[in-house]
Each structure stands twice: as structure tokens, then as C-alpha cells.
There are 4 protein chains.
Amino acid sequence: MAEFKVTVIGGSGYTGIELIRILLSHPAVRLSAVSSSQYTGQAVSSVFASLAGRSDLTFVGHDDPSLSREVDLIFTAVPHQKAMARVPSLLEGGRKVIDLSADFRFDDAALYAQWYQDHTAPELLAEAVYGLPELYRDRIKAARLVANPGCYPTSVILALAPLLTAGVVFPGNIIADSKSGVTGAGRKADVDLSFCEVNDSIKAYAVATHRHTPEIEQEISKLAGAPVTVSFTPHLTPMSRGILSTVYANMTGQSTTDELLGVMAEFYADAPFVQVLPAGRLPRTQDVRGTNFCHLGAVADPRTNRAVVVSAIDNLCRGASGMAVANMNLMLGLEETTGLMDVALAP
Amino acid sequence: MAEFKVTVIGGSGYTGIELIRILLSHPAVRLSAVSSSQYTGQAVSSVFASLAGRSDLTFVGHDDPSLSREVDLIFTAVPHQKAMARVPSLLEGGRKVIDLSADFRFDDAALYAQWYQDHTAPELLAEAVYGLPELYRDRIKAARLVANPGCYPTSVILALAPLLTAGVVFPGNIIADSKSGVTGAGRKADVDLSFCEVNDSIKAYAVATHRHTPEIEQEISKLAGAPVTVSFTPHLTPMSRGILSTVYANMTGQSTTDELLGVMAEFYADAPFVQVLPAGRLPRTQDVRGTNFCHLGAVADPRTNRAVVVSAIDNLCRGASGMAVANMNLMLGLEETTGLMDVALAP
Amino acid sequence: MAEFKVTVIGGSGYTGIELIRILLSHPAVRLSAVSSSQYTGQAVSSVFASLAGRSDLTFVGHDDPSLSREVDLIFTAVPHQKAMARVPSLLEGGRKVIDLSADFRFDDAALYAQWYQDHTAPELLAEAVYGLPELYRDRIKAARLVANPGCYPTSVILALAPLLTAGVVFPGNIIADSKSGVTGAGRKADVDLSFCEVNDSIKAYAVATHRHTPEIEQEISKLAGAPVTVSFTPHLTPMSRGILSTVYANMTGQSTTDELLGVMAEFYADAPFVQVLPAGRLPRTQDVRGTNFCHLGAVADPRTNRAVVVSAIDNLCRGASGMAVANMNLMLGLEETTGLMDVALAP
Amino acid sequence: MAEFKVTVIGGSGYTGIELIRILLSHPAVRLSAVSSSQYTGQAVSSVFASLAGRSDLTFVGHDDPSLSREVDLIFTAVPHQKAMARVPSLLEGGRKVIDLSADFRFDDAALYAQWYQDHTAPELLAEAVYGLPELYRDRIKAARLVANPGCYPTSVILALAPLLTAGVVFPGNIIADSKSGVTGAGRKADVDLSFCEVNDSIKAYAVATHRHTPEIEQEISKLAGAPVTVSFTPHLTPMSRGILSTVYANMTGQSTTDELLGVMAEFYADAPFVQVLPAGRLPRTQDVRGTNFCHLGAVADPRTNRAVVVSAIDNLCRGASGMAVANMNLMLGLEETTGLMDVALAP
């Protein structure tokens, strides 16, 4: 198998270390450089003991030439705003880029400006491909720049895509109630993320204002063929990894649970990373831990004529770094699943 | 302060031990007997080491005469069906009863039969008072039989009561997405409740079929003045105690967050156990751990014209045994808050 | 019951909020002021939502006169070094003081200097009483200044005191292996204390160098009547509260488990907060959660002729603030147990 | 790479599913059959949703011929006693066997009888190789029957082997204090293993009586060249996976931390799965989660002249199924690390 060289800019956050974890076991690529502003010059394994004896890499600075020189593809895992400052020059240098920030996920710079800040590279938005292989596999294969989806949007869009596309549910009155593990908040010193504040407790946050809302709406509006708004509520859950999204939508007809599941299974017939569970089974985040899989379950409620779809992903893997590697595979001409077929670590 | 004598039938489940915990510190009642079929004859403190040195009680059998003789009030904490078999004779013996099962929560025996089984004491349903002091305080004071509410219904009804009563939200299209700690499933040997199956994972269960649904609907229909259906989804969350309910309802007008909170604060002005948090703050289950308090937060979303109300309770205390003690206080002519004002154990 | 006025200097750490929690329910004292440098001027309930509706206190600055004026007793819950800078003036003002830092726990300023820093109020060391009621109840009653013990030393000393005093174990070759909940590390923004770094993982820290070592050794040396060194290893355990200490000591004779437990039970016959569990039962931290109790278990191992004693406490309550309140009770002439007899929150 | 066929007898416990997890990603073997008495006839993926879409296997009965016919190697993951009833016939059939129970770990049938029960296949004890590659790599390569070590013994023996072998510590007065995740107790319905009984709590169990004690002693006695007894205490820790063992031994000389680490690093110079961390760093179980690695740290304490060695493993992987696969690799002539080099899932 041909070997490709890839690098990670911003490798000391949780998505960074997850990228490193996956790439070190990948059979067809070699991770040749990783950067971190905080840990420049330190061995990756001295910062992350999980890599002890597994990697000789040392964090370089974000501007180190090794990050882009003779490299096939670059992952940018820096915060939004910093990403759009950096990506244009990488593309000009002829590199393929997968950006894990929000900077290139929006079609419309005005929408981005409304929820984030002014966009400094708006000319790239039309070119950037939203990196959800289940929706855009062919465009990703041909892309120079892929905007890796957000974790919450991934879990919500995968839940809604089949039913909205098939017209089985109305695009109005959609509710997405998501429960995330704490890695979703990133690796940082913050009292509110300390063990004792999170353990044995749950809370909602950013109700009606979370920045993943317009990202969800952009994609499901395309699927519905009309502008859709959604009520999205994220929750901080006492677990390290995982997002469970419970999505409610009113049915246009009187579908049964089996019919909903049938529509979903058909939609994902060619999607190697989506598993539609049989009727009567509902996903647990534990069953996708450490993997790029999405488990989906659904129930039709004849009392309220509503469909309830539940999706489970690992927010760091499927919701960030695993999906980035799937996109990398597609962009490099590899099988989408290469290096991503480990079985979930359950329990 | 006068001393009352109370007993607990069914004291070895989680609601039973929680009742014992609260009653042992109560300044105006004395817990004189507790029964358990499983542990008959064993010291309560030998089954629950948290009571070592704190109680000399020994579990008696469910039919032991000490449970009802010269007793002011009896808590029945046995499973549904067993409760309705036992309660009538206790009432005939002249005792006041607070039943923690579902058996006396429904106005309509047919509705009960539809979700549970045939009712064997339907003649008591009209008399039984639904024990939610915030809605039925005066009736509880005069009651002979109180049906202690379910944990999920408590958290959802308290969230919805003010807005529905005030007509601020429509009774249609209501979604209640609830996240419960594992004590809610009871104290039992079950692989699905074992630590490793629950830890670091979350799942939905009983989607569209949970038996607390008709209980929620019964009460909010009365508040709305019309039959209401609700989509209710419970989730098993990796924490021991707590329910967080996130409730979505479409607004009739264009209320602001402050207006929603104002309606809620006014509704609960005289409710000692409900705290409406200021705008910008959302409840955490940790902040009510071990207490009879309910914390409420709300956000008005102008984009979707939807109200999102979040409630947090301790499922074992406010959602079961603490509320039962508040009901006991009212039935015995004590202050509602007696013995229930401990500060939450946070963190 | 007479009412006393007390204050807390340093009320926004975990021991501070735990003091507030306990004192707000205390029947004989009134908490009249609490200080915090970080939150000066903010309502206590706006910082700690667990106090919503439960307290009207506002944090004052550390130098606010309300902290010491017409006050019966002051808790100082500031870090070591800051405590010894403040305590002398409080005593000069005629106040009784319970200091929760390490500053007054040592008899010997040189030993303090060796493990901490130079002592700035060494003249108080002879007067300060080590606030472990099980060892120094009478001296505490008469004390002006009580040095509240450390959490680990409390759990280890209570485990060893009976056997060492009775000469049942040798003072040499003692190992104390302690597992602490994360509140023991304090309330702070620190990546290493963030949920994801701690969850589902355990580690040792400060092996052979933890500052609680000399505190343990000072007290057990007095009990043994000779200088004792101990190997003490603390571990960070994925739980919020609790310390379990497993203590190993070689037996001088061939005691049985029952004999060990007998010695322990006799030693603590008059100690209201120590429970010696029967043979065959071992303590769980959950069973003392939120309480001032210490549960003890023991096993004699004839194969190795070694005694293994296990102690469980709540590090924040028995290991800090609960014990401070017990000391306050003694210093104010109240029953030691006043306000401290709540049953553990288990599960 | 040549392909081997392997099977698992007893595949529905936690070690069974962990074997399946690892073997499904193994590049050189094919898992051709798995048995379970409880789930005979059910799809493996219907019992373990983590395998949804990943395996077409169906559980067969324990006596199904597919388990042994034309198979290169068989893993027996049934409880002790059942293992020794089954293994002899598998060997007679010409199969290589790795047994994950305790039945073949002892050299001496009398010792086994003392801690377990009478041995029914004592004639195999001399042939069976204790499957710890770091000690017996060459013998494992040639073995027909490998007794896979216990999880606790693995963590304790790896901690002690270098220092005992080098004579740096005395064989007397050794204490091994181990903290295990809950998967170590197996997959079963048991109130004491339910989430709420374990969460946010820690306890010791089987003090001085755990059956892994003689297994530890057998192996370290060989290393020390003399009979050694050890005080071993296991603890149930609120985490799913992982064992951290803190091992105390008195030093024969006055070694420094660096010298201890040097001895350990040299001893494991050729061991691909052992990482000796640099001075100042101590292992966390999280950093080996899901892997076959063992992380070791050590501190020399000049005050007590004692060595404290800390080891971290994943009890299910390194402590059971991962080690079994490493043994399989050796027995089949593969590289020891084949299929076992995934990076730990941290956080």
C-alpha cells in the first residue's frame, strides 16, 4: 500500500491527541509532524503518557516548515478564527487540508459572521466541502479543502437525513436534544469542567444559542429543500466520550417504527460507518466508544404522530478526528474505512 | 413539638432507605417500624451500612402488626399492584397513607388499566390526592390517602405548570426529554444496571411507551384545561441521583426569557421547595442532590418561538421520599418544610 | 438553646462551602459572615447554586470587620501560610479560632519548616490543639486555637490509634495506602483535575513526599511512645468525596480479627462519630458520604501476621469541615454531635 | 501473512467479548466460532451491540464441534473448575489451548486445592506454562497449554519482578495494594456491582483471602529464590477498566529512584508491552486503557528505605484477553505484538 505523509497543526487538544491515536495505527499514512504552541519542543509522549513508547514525535511550533513541506495532507485542529488565518496559505502551497474548526463549514459568510465573527477567507467557502461522507462522499474525494463537521451536527444530521430526505417527517417543529461527554468541551483548565463539578450531575448549556445550531440548520435545510429552524439543546453529561442525540420530528404520514427504520437503513445502505439498529433496540454511546461508527435507533409514536430518532457517536472520534481520517482516506484515494475498523471499547 | 409515629412498608429499596434517611433526622416524627420481605428479621443497619450506629430498627415482615398499630401515618413503598392490595385495609384501620407506587395516581381506572393492569381498588381513586404540594397543597392537608407522584412526572409537571396555566405556551407539541440517575431504576440485580454497562455511557429507553407518560398528561391536561399529549423520553444517565428534564413548548406570544421566568417565579411564590434561577443560569442536578428542592431555569428562543424549560430534582428525594415527607408534614399539620431543609450535598 | 455567632474566612473553596452547608443547618449557631477574595461582593448563592434560596449571605473581603466583630468563633479556611498570617490577630481580638490549614498542626516549628516553609507564628504552636476529638476531646473543649487535622491524617490516625495504643501492632513497617476523592485537591481550574483526566482512571501521586506524612507520623509517634515513620501513598480516585485508607501493620502477637475489632471498639466506645464494623464487613466511602462519621474495618492475616485496617471518611466533612464543626461544638460547650447527625447520602 | 483459525469457548463474559474485540481486528487470525451457554443460538452482535455490523458470528453451545474442528488454537474463557474439565480433551484432540481461568496457573495441585478445590487434571500442571511473556516467553512459544495469568497477579508480578530478581528489595514485608475497575468482577447481575452501589465510592474486599494471593506468591517466590508471602488487598474502584497496583518493599541497599527505574528498564529492555516511566512520572490506568501495555513507575523513599512501585494495566486487556492474544501470537509463531499495538483510548 502506498504511504502518504500527513501532519497535524494543533495536536495537543483532545481532537489532536485523538488524531494522533488513530493515525499512529493507520496502515497507509505516516504522521510526520505535529504542532502545539503550548508544548513546542516537548516530546508528544511526555505530554500524553498514553503514547509512551509509541511515538518519537516532538511537538513543533505552528509555523514549523515540517508541517507543510512534502506533505500530502494537513489536518488543522486549531480553534476557529486561527484556522481561517492559516488554511489559505496551506492550500496555496499545494496541500490538501482538512480543517476541524467551524471556519469552513458554512456556505454563507454572513451566517458565519452572525454566529462567530467576520470571515477572513470567504473566497474559500464555496470550494470547501462539508466533510460528512454520508452526504458528500463524491465531493470529498475531489476536494482540496474539507470542513470537518461539528460533533453535535454530525449526530443530529445523521439522525434526520433519511427521514427528511424521504419526506417522512415535517421540516417544522424539529427538536434536537443532545447529551455530550465532557471531552466535547476541550482540554482546558476550567473550574466548571473539573471532575467534582461534572461528576454525578447533568446540566443543559447554551440553550437556544449554541453555535452548532446554524450548522445543523444549513444541512437539514438542504435535505428538506426549504429553510428549517431547529431547537437544539446541548447537555454536559458525566462521561468522557460520546454524544447521544434524541431528535423529535412530526410525521407527515402515519409511519410505523419498522417503516422509519426501513427508510433509514436504505438511506445508509452504502454507508460503512452507520448502523441502523433493529426495532426495539436503542443506541448506547458505550457501543461506539473509540470508533467512527454512528448507531441509530428510531421509534414511531402513534399517540403523538411523532418520530423519535436516537443517534449515538463518539464525539472525539466520529464527531471529530475519526471522521477527519475518513475524509482523509477519501481525499487520498483510499478506502473510506482504512484504519478505522477497530471494534468499540465496550465496556 | 408533638411527636408522631410513622412506619414504612417496603423499606429496603432505594426509596425505602431514602425515607429512613430523612425520617431519622426529622424533628417531629418517630419511625417506629420498617418492613422488608427480603430482609425480614435483619437489622436495618446490617443491610445498609450507612445506618451503622444510627438506627436500632430491624426489618419486620410486611404483615407485622407493628406497621399499623397505634401509628399516625404509613408510607407504602412497595411495587405497584402490591400497593393497591394493601392500602385499603390500612385506611380501614383508620390510618393515613402515603403510597409511593403508581396505584393511586390516576383519576381514571381505565387509564390505569391501559398502562398498568386492572385496578383492584378503583373506589379509592376519587379520594386519593395527587401529592404534588405545589398544585394540591390544601387537598393534601385534608387527605387520608395521598398518591405520591412519580419522579419524572414531578420534574416535568413542575417545569410546565406555570407556563401552561398562564397560557404562555400551547398545550400541543410538547416534548419532555428527561435524564435520570440510575437509582431511578431501583435497587436490583440486573446486568443492564451494572456499573460497567452504565458508566461513561448514556442511552434512551422506553421511548414513547414509558408509564409515566399518562401521569404527566393527566396533570398537565388539567392545567391546560384540555387533553394534552406529550412526547416523553427518559434516559439512563451515568449518575446515581438526579433528574434533569428539558421541556420544549411552543409559545403563544413572543415572551422573553425574563417574562417566562417572571411567570414561573410568581406561580411558585409560595412554594418553599421550588427555586426559579435568574436568567442566564441553568440548573444542575448536583445543586439539589439529597434535597427536596426543584431548580428551574428557562430560555425563550425567538428564532423558533419556543420556550425551553429545564428542571432539576433529586429523583429519590424530591422525586419520591422527600416529597412523601413533605406530604406527611402537610397531612400531620406540620410545616411543609419540617426536616427537609438540609442544604444540597454539592459537590 | 443559646445561639452563637460564627464566621468563615475563606468560604469559596470546597471546605468553605462545606462549612456553610453544615452551619446553615446547625441548630445552635448562626453563620453571620463569610469571606472570599475571589468573589467579594457576590451573593454566596450566586456562586454556589446549591444555596439558592437558602442563604442571604454575600461574600465579604478577607479583611471585613464583620468577620471578627462580636463573633464567638472564627473558622479560617484559607491556604497554609495565609492562615498563620491572620490567626494571631484574631486570637488577640479575643476570638476562638479553628484553622483548617496545616499551619498549626505541628508541635515543632522546625518540622513544619522542613515540609512547608518557615513558620511566622511559632509561639502559637504549643497552645494550638490538634483537633481530633477522639484523641484530644478535653483539650479541645478548653482551647482558644484548634488546628483542624488534615483529611488523610484523620483517616490514617483513626485507623491506627487503637492498635498502636494497645501495643497490638509494631510501630515499624507501617504502610498507609489512601484513596481520595477529587474534592481533596480543592476547587480550582487545573487540567489534571478536569473530568476527562480523572474519570475512569486512578493514579498515585506525591509518593513518599506528601505533606500529610509528617502530620501522621507526629500523632502516631505519640500514640506509640516512640518515633515512627510511615510509608504514605495518596491516590486520586474517580469520585467526588471520600477517603479510604488501607493501613498495614505487623502484629506483635497473633491477634485474631475479632480481637483487633474488640480493641478498636473499646478504644472508640465513647466516640460518637466512629463506627467499628463487625467482622466480615469492610467500609465503603459511600456509607459515610456527607457525614462526620468514620467507618472502620479490620482483618488479621495469620499468613503474614499482619493487621489490615480500613477506614472510610468523607474527606470534606469528617476530613475537614464536619470535624471543624465538631470542634466548634466542643469549644462552645455544645454536644459534640450537634448539627452533625444527618444520615449518609447513600446511594 | 498466513491465516490461523481460532475459537473462544465462553465468549459472553467481559473477557470473552474483549477477546472477540481484539481478534476481529487481528491481521493474522480468524475467529471462527464462539460459544456461550447463556446465549446459544443468538447472534453475537445482538448480545453485544458494539459488534453491530462487525461480526456475523452466532454463539454456539460449549460442545459444538466447530469450536475444535480444524482449529489452530482455542481460548477457554469459562470459570475455573469448568476449564479443567474441558481442557484435557481439547489437548488430546491436538489443539493448542490458552486457558483464561485459574485452573492451570499453579505448579502444585495441593496449593490449588487449598485456595480453590480439588484439581481434576493435575497431570497437566507440570506442562502448563504460566503465560506471562515477560517471564516465560520462550516456554510459551513452545507450549501446548498456556495458563493465562490473573489480572491482579499480572500487575503485581510485573511491578516486583525486576527489583526482586536484582536483589534490590527484600522478599519479606511486601505489600501489594491493588485498585481494580469493576469489569474485573465479571459481567453479572449482582446488586453489589450495580452502578449506584459502586459509583462515587471505593471499598476493599477479600482482604487477606483473595485467591490471586497464592498466584502472586508462587511467581515472586521463584524470582526471589525463596518462599515469599505477600499482603495483597484488592479494592473495587469506580471505573470500568484498569488495575493500579501500589507495591511496597523494603530495600536491601539505599537505592535511589533512578537506580530503581534503571533496574526496571533493563529488565524489560526486550519487553514490547512494558513501559517504565521516567522519574517523576507515575502511571494512570487511563493511559493504558484498551491496550496490552503495562506502565510502571517507582519511587525510592530514603526516609523509610522502602521502594514503592506503581503499575497500571487494563485488567480486561493486559490482565486477560490482550495477554491471551500475545500468548497466542507466540504460540503460533507470530510477532508478540501482532494486532496489539493500538494506542490507548485516552481520555
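The values are calculated or read from the model by the stated rules, or taken from the named source; none is laboratory data. None of the values given here were measured: they were computed from a predicted structure. Positions of Cβ are backbone-derived with ideal geometry, glycine not excepted, and every protein chain shown enters the neighbour counts.
Only one of (1) under 14 Å from the mean Cα position of the chain (by Cα); (2) at the interface with another protein chain (Cβ under 9 Å from one of its Cβ atoms) is not met by residue A:344, so which one is it? That leaves (1) as the condition not met.
Looking only at residues in region B:175-189 that are more than 9 Å from chain A (Cβ to nearest Cβ) and assigned to a strand (DSSP E or B), which one is surrounded by the fewest Cβ atoms within 10 Å (Cβ to Cβ)? Step by step, filter region B:175-189, then rank; the result is B:180.
If I ask for residues that are part of a loop (DSSP other than H, G, I, E, B) and under 29 Å from residue A:203 (Cβ atoms), which ones from region A:150-174 would you list? Across region A:150-174, the qualifying residues are A:150, A:172, A:173. Evaluated against (1) buried (at least 22 other Cβ atoms within 10 Å of the Cβ); (2) within 14 Å of chain A (Cβ to nearest Cβ), residue D:74 falls short on exactly one condition, (2). Might you check whether a residue that is closer than 30 Å to residue C:198 by Cβ and touching a residue at least 12 places away in the same chain (Cβ under 8 Å) occurs anywhere in region D:96-111? No, that holds for no residue.
Residues are listed down the side, and each one gets a yes or a no for (1) in a helix (DSSP H, G or I); (2) at pLDDT 95 or above; (3) of a type outside the set (S, T, N, Q); (4) out of contact with any Pro (no Cβ under 9 Å at 6 or more places or on another chain):
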| residue | (1), (2), (3), (4) |
| --- | --- |
| C:312 | no, yes, yes, no |
| C:318 | yes, yes, yes, yes |
| C:322 | yes, yes, yes, yes |
| C:327 | yes, yes, no, no |
| C:330 | yes, yes, yes, no |
| C:333 | no, yes, yes, yes |
| C:338 | no, yes, no, no |
| C:343 | no, yes, yes, yes |
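Please verify whether region A:156-165 includes one or more residues that are surrounded by fewer than 19 Cβ atoms within 10 Å (Cβ to Cβ) and more than 14 Å from every other protein chain (Cβ to nearest Cβ). Yes - at least one qualifying residue is present in region A:156-165.
Only a single criterion out of (1) closer than 20 Å to residue D:176 by Cα; (2) more than 9 Å from every other protein chain (Cβ to nearest Cβ) is not satisfied by residue D:302, namely (2).
Inspect region C:125-148 for any residue being more than 24 Å from residue C:262 (Cα to Cα), surrounded by fewer than 20 Cβ atoms within 10 Å (Cβ to Cβ), over 14 Å from the mean Cα position of the chain (by Cα) and in contact (Cβ under 8 Å) with a residue 24 or more places away in the chain and give the result as yes or no. Scanning region C:125-148 turns up at least one residue that is more than 24 Å from residue C:262 (Cα to Cα), surrounded by fewer than 20 Cβ atoms within 10 Å (Cβ to Cβ), over 14 Å from the mean Cα position of the chain (by Cα) and in contact (Cβ under 8 Å) with a residue 24 or more places away in the chain.
So is residue D:308 assigned to a helix (DSSP H, G or I), in contact (Cβ under 8 Å) with a residue 24 or more places away in the chain, under 16 Å from residue D:163 (Cβ atoms) and not aromatic (Phe, Trp, Tyr) or not?
no
Applying the set (1) surrounded by 23 or more Cβ atoms within 10 Å (Cβ to Cβ); (2) touching a residue at least 24 places away in the same chain (Cβ under 8 Å); (3) out of contact with any Lys or Arg (no Cβ under 6 Å at 6 or more places or on another chain) to residue D:334 leaves exactly one unmet item: (1).
If residue B:111 satisfies all but one of (1) closer than 24 Å to residue B:271 by Cβ; (2) in a helix (DSSP H, G or I), what's the number of the condition it fails? Here residue B:111 meets the rest and fails (1). Can you find even one residue in region C:136-149 that is within 30 Å of residue C:300 (Cβ to Cβ), more than 12 Å from chain D (Cβ to nearest Cβ), in a helix (DSSP H, G or I) and not aromatic (Phe, Trp, Tyr)? Yes. The helices (runs of 4 or more DSSP H) found entirely in region B:190-293 include none that carry 3 or more residues being at the interface with chain A (Cβ under 10 Å from one of its Cβ atoms), in contact (Cβ under 8 Å) with a residue 24 or more places away in the chain and hydrophobic (A, V, I, L, M, F, W, C).
Name the residue, out of B:241, B:281, that is farther than 24 Å from residue A:248 by Cβ, under 21 Å from the mean Cα position of the chain (by Cα) and outside the structural domain of residue B:323 (by TED's automatic domain parsing).
B:241
Residue selection: residue B:91 fails the criterion of being within 25 Å of residue B:215 (Cα to Cα) and either out of contact with any strand residue (DSSP E or B) (no Cβ under 8 Å at 6 or more places or on another chain) or aromatic (Phe, Trp, Tyr) (or both). Of all residues being surrounded by fewer than 24 Cβ atoms within 10 Å (Cβ to Cβ) and over 15 Å from residue C:4 (Cα atoms) in region C:305-331, which is farthest from the other protein chains (Cβ to nearest Cβ)? Just the residue, please. It comes out as C:305.
Of all residues in region D:114-135, those that are under 20 Å from residue D:19 (Cβ atoms) and assigned to a helix (DSSP H, G or I) total 1. All told, residue A:71 falls short of being in the same structural domain as residue A:94 (by TED's automatic domain parsing) and free of Cβ contacts under 8 Å to residues at least 40 places away in the same chain. For residues in region C:1-27 being surrounded by fewer than 18 Cβ atoms within 10 Å (Cβ to Cβ) and more than 14 Å from chain B (Cβ to nearest Cβ), which is farthest from residue C:78 (Cα to Cα)? The extreme case among them is C:2.
A single member of D:37, D:50, D:66 is in contact (Cβ under 8 Å) with a residue 24 or more places away in the chain, among the small types (Gly, Ala, Ser) and over 30 Å from residue A:285 (Cα atoms), and it is D:66.
Here residue B:58 does not qualify as crowded, with 20+ Cβ neighbours inside 10 Å and touching a strand residue (DSSP E or B) at 6+ places or on another chain (Cβ under 6 Å).
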